[in-house]
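Here is the structure we will look at, set down as structure tokens.
What follows is calculated from the coordinates using simple rules that are stated; it is not laboratory data. Note that the structure is a prediction, hence the values are computed from the model and not measured. Because the Cβ atoms are built from the backbone with ideal geometry, glycine has one as well, and the counts that use them run over all protein chains shown.
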Amino acid sequence: MIVLIIIYCVGGLVLYFAQGLILFHPQPLGRNYHFKFEQPFEELNIPYGKNNLSIVKFQPDEKRNGIVLFYHGNMENVEHYKTYPSIFLKNNQEIWMIDYPGFGKSTGKRTEKIMDDEALLMYDMALKQTSSDSIIIYGKSIGTGVATFIASKRNCKRLILETPYYSIHSLATHYFPIYPVNWMIKYSFPINQYLKGVKSPITIFHGTKDGVIPYDHSMQLKGENKNIQLITIEHGTHNNLTSFRQYQTTLDSVLQH
């Protein structure tokens with residue numbers, strides 16, 4: 001019994017103090033690193049307090065129909081998501097991709113508030129170039145929390161979520177059911193609560209074989225807002241939805257209307 005208690009306590013300490021390492025897997029890049037994208041891009045490095053905020057922008061060949069603000073997942077940096085620009089550019093959408101603190105060329109301390117504040121800054125920059133009804137907010141995985149927060153605070157044409165979670169607390173409970181995670185987790189991103197304040201149409205993509213964020217999370221989210229369109233990708237996993245024709249045709253339709 002004593003051994004089990006010790007193991008439980010050690011596990012709890014690891015969960016509490018190492019949760020940033022569990023949630024985020026950044027790959028920092030030097031200031032002089034040249035991103036390797038197939039498409040031409042513009043790189044912005046914006047002073048944010050004492051830190052740097054890195055944003056990469058892609059413009060379509062023809063006149064843009066709008067701007068997509070892309071909030072990526074928990075891996076590496078924007079270059080890890082280099083297959084996404086072509087998806088939006090072919091629909092004449094300009095796409096802006098932001099790196100969170102510690103990812104890529106973005107520097108500084110990473111907290112939920114800082115991530116949200118920097119995401120709002122990118123939205124406000126886009127709003128100076130177009131109207132809110134021409135802005136699409138797109139979030140993937142961990143970025144769905146950031147994206148939904150923005151959509152709950154700002155108007156947009158549509159919110160698109162790829163493999164979202166109900167909240168970080170509910171996701172942590174799924175992985176660590178024996179711990180009181182509501183008291184331990186420093187990040188919350190309560191998408192379920194944010195959705196109540198989103199007025200724009202919402203499209204969710206989720207695969208039934210997602211081994212990272214269970215499909216049930218999207219099923220639960222669907223009940224939080226009557227404007228949600230849930231696209232179920234049969235046999236889709238966490239990182240392969242873009243390869244499914246159902247995803248491609250649905251997203252093309254959404255972007256063209």
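Overview of values
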{"read-out": "P(r) weight above 35 Å for the chain, C-alpha pairs, percent", "value": "14"}
{"read-out": "Beta bridge orientation in region 2-255: antiparallel %, DSSP, nearest 5", "value": "30"}
{"read-out": "Cut-off 12 Å between beta-carbons: net charge of the residues surrounding Thr107, Lys and Arg +1, Asp and Glu -1", "value": "+3"}
{"read-out": "Long-range HN-HN contacts of Gln229 with modeled amide H, under 5 Å", "value": "Ile202, Thr203, Ile204"}
{"read-out": "Gaussian network model of the chain, Cα within-10 Å springs - most flexible of Asp116, Asp210, Asp61", "value": "Asp61"}
{"read-out": "Where GluC sites (Glu not before Pro) in DSSP loops with at most 12 other Cβ within 10 Å are excluded, longest remaining stretch of the chain", "value": "63-233"}
{"read-out": "Cross-link pairs Lys109/Lys222; Lys140/Lys222; Lys113/Lys196; Lys63/Lys153; Lys153/Lys226; Lys105/Lys186 - those with Cα-Cα distance over 22 Å", "value": "Lys109/Lys222; Lys63/Lys153; Lys105/Lys186"}
{"read-out": "Angle in degrees between helix 245-255 and the longest Cα principal axis of the chain, rounded to the nearest 10", "value": "60"}
{"read-out": "Cα pair distances of region 77-117 binned at 5 Å [whole percent]", "value": "6, 22, 23, 17, 16, 12, 5, 0"}
{"read-out": "Listed residues Ile168, Ile213, Ile46, most fluctuating in the chain (Gaussian network, C-alpha, under 10 Å)", "value": "Ile46"}
